[in-house]
1. Out of (1) crowded, with 18+ Cβ neighbours inside 10 Å; (2) part of a helix (DSSP H, G or I), what's the single condition that is false for L155?
2. Looking at S95, is it in contact (Cβ under 8 Å) with a residue 60 or more places away in the chain, in contact with a Ser or Thr (Cβ under 9 Å, 6 or more places away or on another chain) and within 27 Å of M212 (Cα to Cα)?
3. Kindly indicate whether M111 is out of contact with any strand residue (DSSP E or B) (no Cβ under 8 Å at 6 or more places or on another chain) and touching a residue at least 60 places away in the same chain (Cβ under 8 Å).
4. Considering only segment 182-223, state which residues are of a type in the set (D, E, K, R), over 22 Å from K263 (Cα atoms) and in a loop (DSSP other than H, G, I, E, B).
5. Looking at segment 251-278, I want the residues that are without any contact (Cβ under 8 Å) to a residue 60 or more places away in the chain and under 13 Å from F231 (Cβ atoms) and have a partner that is among the acidic types (D, E) and part of a loop (DSSP other than H, G, I, E, B) with Cβ atoms under 7 Å, at least 6 apart or on another chain. Which pairs are those?
6. Within segment 1-11, count every residue that is modelled with pLDDT of 85 or more and either assigned to a strand (DSSP E or B) or closer than 13 Å to K39 by Cα (or both).
7. Does E49 fit the bill of being of a type in the set (D, E), crowded, with 17+ Cβ neighbours inside 10 Å and either in contact with a helix residue (DSSP H, G or I) (Cβ under 6 Å, 6 or more places away or on another chain) or assigned to a strand (DSSP E or B) (or both)?
8. Determine, yes or no, whether F81 is touching a Gly at 6+ places or on another chain (Cβ under 7 Å), surrounded by 15 or more Cβ atoms within 10 Å (Cβ to Cβ), farther than 18 Å from K166 by Cα and of a type outside the set (D, E).
Amino acid sequence: MNNYSEIDLKIEKDLVFFDVEATGLNVLKDKIIQIALIKFSKNQTAPEEKTFLINPGIPITEEAMAVHGITPQMLKNKPVFSQVGQEIYDFIGQSDLAGYNSDRFDIPMLMEEFHRMGLTFSIEKRRLIDVQKIFYKMEPRTLRAAYKFYCGEELTDAHDAMADVKATIHVLKGQLAMYANTDFTDADGNITEKPVRNDINALADFTNTDGMLDVTQRLKINIKGEVVFNFGKYIGQPVKDVFKQERNYYSWIMEKDFSAQVKQIVDKIYKEEILKKP
């Protein structure tokens, strides 16, 4: 899998593929214990790699250890996230992001870690490519099966972060080749012409079609393009309209146990629509 750099991605800005392993599956409470990143840059011929093992400071669940095989003993003398977070933050910079199941797990997990450090990591102006969504829409399976299906080989070291991120790049390469001339028909019979092509905008659009704005599914976009609540007494109502009627609802959200993604989005709306700040 070391020749992943041969893929010729047409990018307009830097693109970082990344994968995390964690203490568990709760993106708000669990912590990252391993992260691997590969950056494709417009200005560099060879991709740049970084990988870190991280001491989470909390227990690792038995279920998580059974998946990735990383034990507390392996992390005993490793840095905590706050010691390497700035390096990771700077390495990503303003890059677009890609991964496998990254929209629902890796990105929000990373955002929470940055939030604990006091770093704001916005995804608003980034294009997000979740390779799993392409795979699930075209050939619903797992990363191991995706690697075998698209690459014709067995993935022998799955759930090592660097092995997984390299496999993800190979899977995307296989998808671009396999679906270059394939249209997609959704459950309602709507046809999208050749959505899986070597075009970052097209891939981002194809993998982000459910309207949800955050991993906890508290906010979504309605058919009018408005951000609406997807929970509670104001479900389906535009966030800006609710805040105009009940400003305390904004304060309640910012004080309660909502994700960093939700708080970033509602804070931006509140400042722009209520306080009229750019």
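1. The failed condition is (2).
2. Yes; evaluated as a whole, the condition is true for this residue.
3. yes
4. Selection gives D183, D186, D188, E193, K194, R197, D199.
5. Here the result reads V262/D214, each pair linking segment 251-278 to a residue that is among the acidic types (D, E) and part of a loop (DSSP other than H, G, I, E, B).
6. The total comes to 2.
7. For E49, the condition - of a type in the set (D, E), crowded, with 17+ Cβ neighbours inside 10 Å and either in contact with a helix residue (DSSP H, G or I) (Cβ under 6 Å, 6 or more places away or on another chain) or assigned to a strand (DSSP E or B) (or both) - is not met.
8. no
The values are calculated or read from the model by the stated rules, or taken from the named source; none is laboratory data. Please read all numbers here as calculations on a predicted model, not as lab measurements. Every residue, glycine among them, receives a Cβ derived from its backbone with ideal geometry; neighbour counts consider all protein chains shown.
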